[in-house]
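Take a look at the structure set out below.
The values are calculated or read from the model by the stated rules, or taken from the named source; none is laboratory data. None of these values were measured; they are calculated from a predicted model. Cβ sites come from the backbone with ideal geometry, for glycine too, and all protein chains shown count toward neighbours. We work out accessible area using only protein heavy atoms, side chains counted, and drop any ligands, DNA or RNA first. Shrake-Rupley method; radii C 1.70, N 1.55, O 1.52, S 1.80 Å.
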Amino acid sequence: MTADLTVIGLGHVGLPLARAACAAGLTTVGYDVSDAVVTGLNGGRSHVGGVADAAVAAMRAAGFRATSDPRAPGLADTVVICVPTGLSAGGAPDLSAVRAAARTVARCLRPGMLVVLESTSYPGTTEEVVRPLLENASGLRAGADFHLAYSPERIDPGNRRYGLHNTPKVVSGCTPLCAKHAVAFYGRFVRTLVVSRGTREAEMAKLLENTYRYINIALVDEVALYCDRTGIDVWDVLHCAGTKPFGFAPFRPGAGVGGHCIPVDPRYLAAKADAEGFSFRMLAAAHEVVSRMPAHVVGRAVGLLDELGKPPEAASVVLLGVAYKPDVADARESPAGPVARGLRDRGATVRYHDPYVPEFAADGVPLRRVESLRDALAGADLAILLQDHACYDMASLARAECALLDTRGKASGPGSPCSDGILHSAVGGVFQHSTELHQKLAGFRGRKAARGGAGKPFRHRACPVRPRKGHRHDYCRGERAA
C-alpha cells in the first residue's frame, strides 16, 4: 500500500496535521513508537486535546491508519517529522527523538521523497543533524535525489479561532527546489504560506516567536512582584496600559509558564548561542524571574494562611486549574507542579480541581483530585486559582467559605476581607473590588445628566466590574467623553 503522507509522531502536533491532510483528501499514515497510541487511534480514540474522537473516526473513514511499523515512512511520497524536542535531565536540548525519527526515515528513503521537519529546535538542526543522518544512511543527496525542508509547527491548543488551515505557515528548504516541493505539499491544506530564505531562518523564527512571549511574561511577572511590594494594583496597571492601541502587547503575570514550548524553546536558543560563543543575557534574566514565581505563590499562600491563624502543616490547600493554559487538558510543564511541591514541603495537604486533567502528579507523587468544584472549595482552608478555566466564574468562587489566592487577576478584594468576609488576594499587588465606586460614578453621571448632560458618558478609572452601557473605563478625568 502506498500513501501520500506519513506523519511521524502522533502527538499534539502530528495528529492535527494528519487530520488536516485527511480532510484535504491525502492518503495518510501515522507512525508512532507508542503501541498504546496506535491502538487507540485505530480504535477511534483520541489522546490529544482538541482532536475529538469523532475527528479520529472521520480520519479513519477517510483511510487513515496508525502503525508502529518502521517501514511506514517508505510507503509515502512525503514524510513529516513531528516528534517532541524536550530537555535532558540537566536542562540541555534533547534531540534524541528527532535523531531516531531521521534514522527511521533514512532506512527507507527513496529518490523523489519529500522529508519535512516540524519539530522545534535550534538553528542548524535540519542541515547539521537531520540531513547527515538521511544522506549517510541512504547514499542519497538532499536537493538532488530527495527534498528536505523545515516548517515549524504553530499549533495552539484550545485556540478556536486559528487552526492549521488559517494560521500562516513558514516553509523553508535546503535548496530552492526543496522549498518549492514543500510549498506544493502544504498548499493543499494551508491558506497562507510564508517562504523563508533558508532552514536556519525558519528555525530561528520559531524560537523568536516563543522567546518573545517568554521574555514579556517574565517582564510582567517582575512588574507584579514590584507591585506586590509597593501596594500597587498590578491588574489595574495592566488594564490601563492595555488600552493603548499601538506599541503595547498585553501579557499577564501568573504562577509561572507551562506547556511544551514557552519553558523549553528559549533554552534551545540559549544553548545554541552559548555553543557559538554568544550570550543571550536577556534570556538568563527572564529565566531567573520566571523561575521565582512558583515560590512567590507559595510564599503568598503561607502568608494568607498565617493571617487566618492556620499553620501550613494543619492546612488543606486546593489548586484550581493545573493545566498550563485555560480550558485545555495539557498539563505539561505546568507551574502547578512546583507550587504543589512547595506547599507539600511546608507540610500542607494539597489537592486539586481541574475538569480537564484527570490525573496530576508533582515530582512523581500524585495529587488527589476533587471532581466537584463545590466540594473542593468546601474542604479547603485556602484555594489557589492557578488557571482561569471558564468554569471558574467569580460568582462561584466568591461564595466559597475558604480564602482565595488569585494568580490570574479574576478575583476581587484588596488583600483584606471583602463584604462577604472572605479573604481574597492577588498574586501581585491589590485587586480592588469597585462595585461601590462604580455605583457612585453612576449616580454622579445621573446628576450631571439631570443638568443637561444626558448621553454624555464620563471617563473614570478602570475597575474589574463590567461597566454599565454608555460608560467608559479608561481613566479618571473631570470632563465629558468626546
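Being within 17 Å of GLU313 (Cβ to Cβ), part of a helix (DSSP H, G or I) and modelled with pLDDT of 90 or more is a property that GLY347 lacks. Annotation note: of ARG161, ARG200, ARG191, the sole residue that is open to solvent by 40 Å² or more (accessible area, probe 1.4 Å) and either over 25 Å from the mean Cα position of the chain (by Cα) or touching a residue at least 40 places away in the same chain (Cβ under 8 Å) (or both) is ARG200. Taking segment 103-138 as the range and being of a type in the set (Val, Ile, Thr) and farther than 20 Å from PRO70 by Cβ as the test, the residues that pass are THR120, THR125, THR126. Elements of the type helices (runs of 4 or more DSSP H) sitting completely within segment 174-285 and holding at least 2 residues that are touching an Asp or Glu at 6+ places or on another chain (Cβ under 6 Å): these cover 199-230. Residues of segment 291-301 include at least one that is within 15 Å of GLN387 (Cβ to Cβ), of a type in the set (Val, Ile, Thr) and in contact with a strand residue (DSSP E or B) (Cβ under 8 Å, 6 or more places away or on another chain). One residue stands out in segment 373-402 among those that are touching an Asp or Glu at 6+ places or on another chain (Cβ under 7 Å) and outside any helix (DSSP H, G or I): the one that is farthest from LEU319 (Cα to Cα), namely ALA390.
Given the criteria surrounded by 20 or more Cβ atoms within 10 Å (Cβ to Cβ) and either free of Cβ contacts under 8 Å to residues at least 40 places away in the same chain or under 17 Å from the mean Cα position of the chain (by Cα) (or both), does ALA323 qualify?
For ALA323, the condition - surrounded by 20 or more Cβ atoms within 10 Å (Cβ to Cβ) and either free of Cβ contacts under 8 Å to residues at least 40 places away in the same chain or under 17 Å from the mean Cα position of the chain (by Cα) (or both) - is met.
The residues of segment 118-148 that are more than 26 Å from ALA273 (Cα to Cα) and either open to solvent by 40 Å² or more (accessible area, probe 1.4 Å) or of a type in the set (Lys, Arg) (or both), listed by number, are GLU135, ASN136, ALA137, GLY139, ARG141, ALA144, ASP145. Inspect all residues belonging to segment 242-252 and state whether any of them is at positive phi, out of contact with any helix residue (DSSP H, G or I) (no Cβ under 9 Å at 6 or more places or on another chain) and open to solvent by 30 Å² or more (accessible area, probe 1.4 Å). Scanning segment 242-252, I find at least one residue that is at positive phi, out of contact with any helix residue (DSSP H, G or I) (no Cβ under 9 Å at 6 or more places or on another chain) and open to solvent by 30 Å² or more (accessible area, probe 1.4 Å), so the answer is yes. Counting residues in segment 78-95 that are modelled with pLDDT of 95 or more and at positive phi gives zero. Inspect all residues belonging to segment 260-275 and state whether any of them is open to solvent by 70 Å² or more (accessible area, probe 1.4 Å) and without any contact (Cβ under 8 Å) to a residue 24 or more places away in the chain. Yes, some residue in segment 260-275 is open to solvent by 70 Å² or more (accessible area, probe 1.4 Å) and without any contact (Cβ under 8 Å) to a residue 24 or more places away in the chain. Looking at VAL302, VAL317, VAL328, just one residue is touching a Leu at 6+ places or on another chain (Cβ under 7 Å) and open to solvent by less than 60 Å² (accessible area, probe 1.4 Å), and that residue is VAL317. When the residues of segment 102-154 are filtered to those that are among the polar types (S, T, N, Q) and either in a loop (DSSP other than H, G, I, E, B) or within 29 Å of ASN166 (Cα to Cα) (or both), the one that is nearest to the chain's Cα centre (by Cα) is THR120. A count restricted to segment 240-273 and to residues that are among the basic types (Lys, Arg) and over 20 Å from the mean Cα position of the chain (by Cα) stands at 2.
Condition first: open to solvent by 10 Å² or more (accessible area, probe 1.4 Å), more than 23 Å from GLY50 (Cα to Cα), touching a residue at least 40 places away in the same chain (Cβ under 8 Å) and over 16 Å from the mean Cα position of the chain (by Cα). Can you find one or more residues in segment 351-367 that meet it? The answer is yes; a qualifying residue exists. Between GLY14, GLY74, the distinction of being in contact with a Cys (Cβ under 6 Å, 6 or more places away or on another chain), of a type outside the set (Phe, Trp, Tyr) and within 30 Å of ARG267 (Cβ to Cβ) belongs to GLY14 only. Looking only at segment 382-396, residues that are open to solvent by 10 Å² or more (accessible area, probe 1.4 Å) and of a type in the set (Ser, Thr, Tyr) come to 1 in all.
Being out of contact with any helix residue (DSSP H, G or I) (no Cβ under 9 Å at 6 or more places or on another chain) and of a type in the set (Asp, Glu) is a property that ASP228 lacks.
I need the full set of residues from segment 28-78 which are crowded, with 17+ Cβ neighbours inside 10 Å, polar (S, T, N, Q) and either assigned to a loop (DSSP other than H, G, I, E, B) or in contact (Cβ under 8 Å) with a residue 40 or more places away in the chain (or both), in order please. Once the filter is applied, which keeps residues that are crowded, with 17+ Cβ neighbours inside 10 Å, polar (S, T, N, Q) and either assigned to a loop (DSSP other than H, G, I, E, B) or in contact (Cβ under 8 Å) with a residue 40 or more places away in the chain (or both), segment 28-78 yields SER46, THR78. Inspect all residues belonging to segment 207-218 and state whether any of them is more than 23 Å from GLY299 (Cα to Cα), of a type in the set (Phe, Trp, Tyr) and open to solvent by 30 Å² or more (accessible area, probe 1.4 Å). Scanning segment 207-218 turns up at least one residue that is more than 23 Å from GLY299 (Cα to Cα), of a type in the set (Phe, Trp, Tyr) and open to solvent by 30 Å² or more (accessible area, probe 1.4 Å).
Return the only residue of ARG60, ARG71 being of a type outside the set (S, T, N, Q) and in contact with a helix residue (DSSP H, G or I) (Cβ under 8 Å, 6 or more places away or on another chain).
Testing whether each residue is of a type outside the set (S, T, N, Q) and in contact with a helix residue (DSSP H, G or I) (Cβ under 8 Å, 6 or more places away or on another chain) leaves just ARG60.
Taking every residue in segment 111-139 that is farther than 24 Å from HIS12 by Cβ and pairing it with any residue that is assigned to a loop (DSSP other than H, G, I, E, B), at least 6 positions away or on another chain, the pairs with Cβ-Cβ distances below 7 Å are PRO111/LEU140; PRO111/ASP145; GLU127/CYS174; ARG131/CYS174; LEU134/LEU109; GLU135/ARG141; ALA137/ARG107; SER138/LEU109.
Just checking, does segment 164-180 include any residue being crowded, with 16+ Cβ neighbours inside 10 Å and modelled with pLDDT under 95? Checked against the condition, which is being crowded, with 16+ Cβ neighbours inside 10 Å and modelled with pLDDT under 95, segment 164-180 yields at least one hit.
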